[in-house]
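What follows is calculated from the coordinates using simple rules that are stated; it is not laboratory data. As the structure is a computational prediction, the values presented were derived from the model and not from experiment. In this analysis, Cβ positions are derived from the backbone assuming ideal geometry, glycine residues included, and neighbour counts consider all displayed protein chains.
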Amino acid sequence: MKIGFIGLGHMGSAMAANLVRAGHEVTVFNRSADKRRPLVELGATEAATIADACKGDVVFTMLADDAALRQVALGDSCVVGKLRRGCIHVSMSTVSVELVRELAWAHAEAGQKFVAAPVFGRPEMAATAKLFVIAAGDPDAIKVCTPLFDAMGQKTFELGNDPAAASLVKLSGNFMIAAAIETLGEALALVGKAGIDPTTFVNVLTSTLFPVPAYRTYGTLIAEGRFQPAGFAAPLGHKDVRLLLSASQSLRVPMPIASLLNDRFVRLLAHGEEQLDWSAIGRLAAEDAGLTRAGRS
């Protein structure tokens, strides 16, 4: 299948590479040309413009936030303006419910199809095609894209015709991960101040009550103070919590834990630690308890 892929960060590069390896004809675009070169060496075609990436049957976008996606999809020389009628735009970015609705409307007006398909998984899962895809939108478009999702992930969950549903589920899932990071940080501060080895604590908990990836991954990062290189940078985690709070306010659903998490991220970023992984908020409870600050490098 002829595919365009726009946005070649840690996640997008790995996802596009898996599409190339699956035998698809992939054209890649990123504002910085150096991000395109490894994929071109793998067999992708380099796009000089957004329009060049929109000449196939499907174009994927994997961008950092609302501003980046809005510029690419709705700005000058944008995806909506360049994609052919009947073709599909798949947004795999984690963005606001409001923007997803705006994109769905714009593509419908242009006679195009739109699918929101954000993913659960860190860069190492993207590299091994083990992502979980959360897809919602036009059912025929999802059917066309299913082999492409299979090339990037281990399972696709379909949530119906409304693309906004995928956005809300993704934001809710990221909120739950951030809440797990906070509880891990608080528990580790408690046992750490009592002199209990934090790695042993994480091993006990993830072998008994919480044998799940989130607790294993983030518990280990917090216990070891290993927040660089960032698999998911703290500003992106903060962005997702803010988008969740916006959605909760729109639906009039109080989410006090989300408000706490927002304050945690504000505190972390106020100290200039944008380069750290979002799991670094799990360190803040230890600092509150008077323990030595760790994981700064």
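Below, the figures for the structure above:
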{"read-out": "CD proxy at 222 nm, helix term only [per DSSP H run n ≥ 4: -39500 (n - 2.57); per residue of the chain; nearest 500]", "value": "-16000 deg cm²/dmol"}
{"read-out": "Rounded Å value of the spacing that divides the Cα centres of segment 229-276 and segment 120-160", "value": "25 Å"}
{"read-out": "Most mobile of LEU19, LEU251, LEU221 in a GNM of the chain (Cα contacts under 10 Å)", "value": "LEU251"}
{"read-out": "Compactness relative to 2.2 N^0.38 Å, alpha carbon Rg of segment 168-288", "value": "1.04"}
{"read-out": "Most fluctuating residue given options LEU190, LEU131, LEU69, as computed from a GNM of the chain linking Cα atoms under 10 Å", "value": "LEU190"}
{"read-out": "Principal-axis tilt of helix 256-270 within the chain, Cα atoms, nearest 10 degrees", "value": "90 degrees"}
{"read-out": "Normalised convex hull volume, segment 81-237, alpha-carbon set, Å³ per residue", "value": "126 Å³"}
{"read-out": "Residues THR128 and ILE257, FRET efficiency given R0 of 30 Å [Cβ-Cβ distance, rounded to 0.05]", "value": "0.45"}
{"read-out": "Whole-number D in µm² s⁻¹ for segment 2-161, Kirkwood Cα-pair radius fed into Stokes-Einstein, 37 °C, 0.692 mPa s", "value": "217 µm²/s"}
{"read-out": "Residues THR94, THR206 arranged by fewest to most Cβ contacts within 10 Å", "value": "THR206, THR94"}
{"read-out": "Model label zone, ALA22; criterion: amide N under 15 Å from point 7 Å along Cα-to-beta-carbon; scope segment 154-175", "value": "154-158"}
{"read-out": "Label zone at SER32, where the point sits 7 Å out along the Cα-to-Cβ direction: segment 220-248 residues whose backbone N lies under 17 Å", "value": "229-236"}
{"read-out": "Modelled label reach - SER250, point 7 Å along Cα→Cβ, segment 25-69 residues with backbone N closer than 17 Å", "value": "65-69"}
{"read-out": "Amide hydrogen neighbours beyond the local backbone of PHE60, cut-off 5 Å, H modeled", "value": "GLY4, PHE5, ILE6, VAL90"}
{"read-out": "The chain: Cα Rg divided by the 2.2 N^0.38 Å rule of thumb", "value": "1.04"}
{"read-out": "Efficiency of FRET from Cβ geometry, LEU291 and ALA270, R₀ 30 Å, rounded to 0.05", "value": "0.95"}
{"read-out": "Choice from ALA194, ALA67, ALA180 showing the highest fluctuation, given a GNM over the chain with Cα pairs closer than 10 Å", "value": "ALA194"}
{"read-out": "Simple label model, 7 Å out from Cα along Cβ direction - ARG101 to GLU46, nm", "value": "4.2 nm"}
